[in-house]
Amino acid sequence: MTAEVVDIAVIGLGVMGRNLALHLADAGFAVAATDPFPEVVVVAAEEMAGRVRLVATPRDAASGPDRARRFLVMIKAGDPIDALLADLDGVLLSGDVIVDGGNSHWQDTERRERLLAPRGIRFVGLGVSGGREGARHGASLMAGGDRDALAEIAPLLAALAARAPDGTPCHGRFGDGGAGHFVKMAHNGIEYAQMQLWAEAAVALLGPAGLAPARAAEVVAAWAQGPAASYLLDATAVVLRAEDLDTGRPLVEIVADRAAHKGTGKWTVEAAAEFGVAVPSIAAAYFARILSAERRPRPGLARPPAAEADPETIVADLAAALPLAMISAYLQGLDLIVAAARARGWDTDPAAVVRVWRAGCIIRADMLTPLAEAVAGRDDVWDALESPFGREAVETGAPALRRLVATLAGAGVPIPGFASVLAHLDGLGAARLGASVIQGQRDLFGDHSFERVDRPGAFHHDWARETAR
Ligand code: 6PG
């Protein structure tokens with residue numbers, strides 16, 4: 001190793017780390033790279049040779065006269081990050097910046113920041129979305145943490161970021177502490193909800209609409225010309241089109257009907273419960289994955305009537321309802337981000353978050369450009385539905401969504417995603433929710449009191465009087 005200046009050391013040479021390191025090297029930065037497992041460094045050597053300076057261990061990268069001052073950590077979230085920080089204890093120096101680019105829990109990020117801050121070491125949480133392609137060619141980057149540390153690495157982030165349609169790099173700082181990882185977590189919650197919606201759309205096309213997978217793929221692909229145009233739409237069409245290499249059968253009939261998950265959807269649901277925000281479609285999507293993995297099929301359990309469903313109407317209603325359902329998923333996630341930002345004192349601008357999602361990430365979609373405008377400057381992100389963009393989506397989508405939910409429920413197709421979007425919109429719009437009955441019940445059995453519509457204060461009813469009547 002010659003004593004040259006290293007702009008950044010990437011720690012973790014899995015798929016994401018390797019591609020991010022090569023991306024930074026291509027952008028002209030001097031990059032060192034290493035991994036907590038020496039054998040992984042050996043395996044990466046050929047691909048990285050001559051472009052990235054490979055270092056045997058993370059401790060080596062942080063030691064000696066030519067040590068790195070900035071570290072991009074791309075290892076598994078959870079205990080491995082704490083183990084790495086323990087390993088680096090004693091060699092990290094005041095002024096160093098450690099960027100955790102994994103899917104870490106935002107509260108872990110805040111704990112690690114607090115742990116290192118007294119020694120002047122800046123720990124930054126960076127949500128990175130886009131998978132292998134994003135890492136190599138442009139990702140969506142959601143940062144949180146020390147403002148100066150992030151300003152220092154801004155050129156590196158700008159080089160790694162995907163470019164939005166208007167050319168702006170998709171990276172942003174969304175507040176102190178764990179704000180970046182919180183925004184990434186909510187991104188994944190939205191990802192869960194939209195994946196569930198596309199899965200339900202596929203089941204509707206393959207089931208009641210009676211389409212073969214290849215034809216269903218064509219129908220979905222055609223929607224890319226309309227308002228639902230998005231990465232997940234494209235991905236759904238590809239999945240429906242794919243054939244199994246062993247049997248030649250449609251892959252969607254071969255892949256086991258059980259969804260896995262790695263935790264960020266669960267964290268989103270937990271955070272929503274914690275911050276008191278309704279994210280029904282994210283929760284529905286998470287629990288639908290759980291059900292798919294846990295269930296023992298009981299065919300015909302709820303005995304749906306064999307409702308006649310018109311295939312053309314189903315296809316048309318899906319096309320009209322999906323954009324509105326996608327918007328609902330975005331607004332549920334943004335609502336959660338705004339609530340957390342308020343509670344934690346983060347200066348998170350929801351419109352800026354949406355702009356960072358316009359390219360590179362899994363939930364990128366054409367509609368995010370108008371959605372960013374629609375949420376800009378609003379205290380309540382749901383007011384975006386009052387904008388011309390929102391009104392158009394509701395006017396076109398709501399009648400189709402209502403018909404679709406009725407048709408698919410009638411046909412016995414499980415649609416927790418679409419049904420939750422409709423129930424939530426109806427909840428936002430309804431004159432009566434039934435909460436007055438719940439408050440009455442709470443006061444009846446638990447003396448919990450209720451508010452009145454005609455005067456302020458907390459009130460009780462004389463419930464004994466009712467039983468005596
Ligand atoms: C991304 C993705 C990614 C996530 C996968 C898997 O933005 O690139 O969100 O970070 O790891 O989507 O998540 P699950 O295993 O929980 O589905």
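The values are calculated or read from the model by the stated rules, or taken from the named source; none is laboratory data. As the structure is a prediction and not an experimental result, all values here were calculated from the model. Note: ideal-geometry Cβ built from the backbone for every residue, glycine included; neighbour counts use all protein chains shown. Surface accessibility is based on the protein's heavy atoms, side chains included, excluding ligands, DNA and RNA. Shrake-Rupley method; radii C 1.70, N 1.55, O 1.52, S 1.80 Å.
Just the number, please: carbon plus sulfur as a percent of the accessible area of the chain, 1.4 Å probe, no ligands or DNA/RNA counted. Before the final figure, lay out the partial values.
On the way: 12120 of 21990 Å².
So the carbon and sulfur contribution to the accessible surface is 55 percent.
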Legend entry - Theoretical gain in end-to-end length, Arg295 to Asp234 [0.36 nm per residue, Cα-Cα removed]: 19.1 nm
Inset, instruction - Please state the charge dipole magnitude for the range 8-177, taken about the Cα centre, from unit charges on C-beta atoms (+1 on K and R, -1 on D and E), reported in debye and rounded to the nearest 20. - result: 260 debye
Inset, instruction - With a cut-off of 14 Å, note down the residues of the range 268-286 whose backbone N falls inside the zone around a label point 7 Å from the Cα of Gln441 toward its beta carbon. - result: none
Inset, instruction - Count the DSSP beta bridges whose two residues both fall in the chain, then state the antiparallel fraction as a percent rounded to the nearest 5. - result: 30 percent
Legend entry - For the chain, accessible area per residue (1.4 Å probe, heavy atoms of protein chains only), Å²: 47 Å²
Inset, instruction - Using Cα centres only, tell me the gap between the range 1-64 and the range 391-466 in whole Å. - result: 55 Å
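Provide the gained length on full extension for the span Leu428 to Lys262, in nm with one decimal, where the gain is 0.36 nm per separating residue minus the Cα-Cα distance.
Answer, rounded to one decimal: 56.6 nm.
Against the empirical 2.2 N^0.38 Å scaling, what ratio does the C-alpha Rg of the range 184-429 come to? Spell out each step's value before the answer.
On the way: Rg = 17.7 Å, N = 246, 2.2 N^0.38 = 17.8 Å.
In units of the globular-protein estimate, the range 184-429 measures up at 0.99.
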Legend entry - Distance-filtered residues of the range 252-281 - backbone nitrogen under 17 Å, label point 7 angstrom along Ala409 Cα→Cβ: 280-281
Legend entry - Mean ellipticity per residue at 222 nm, deg cm²/dmol - from DSSP H runs of n ≥ 4 across the chain, formula -39500 (n - 2.57): -17000 deg cm²/dmol
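Give me the number: length gained by fully extending Glu152 to Ala30, i.e. 0.36 nm times residue separation minus the C-alpha to C-alpha distance, one decimal in nm. Write down the numbers at each step before the final one.
Values: separation 122, 0.36 × 122 = 43.92 nm, distance 1.52 nm.
Between Glu152 and Ala30, full extension yields 42.4 nm more.
Dipole size in debye (nearest 20) for the chain around its Cα centre, Lys and Arg Cβ +1, Asp and Glu Cβ -1?
Computed charge dipole of the chain: roughly 480 debye.
Could the peptides 212-218, 135-141 be put in order, highest first, of the mean number of other beta-carbon atoms found within 10 Å of their residues? Mind dumping the intermediate values first?
Details: 212-218: 17.1, 135-141: 23.7.
The peptides rank, most packed first, as 135-141, 212-218.
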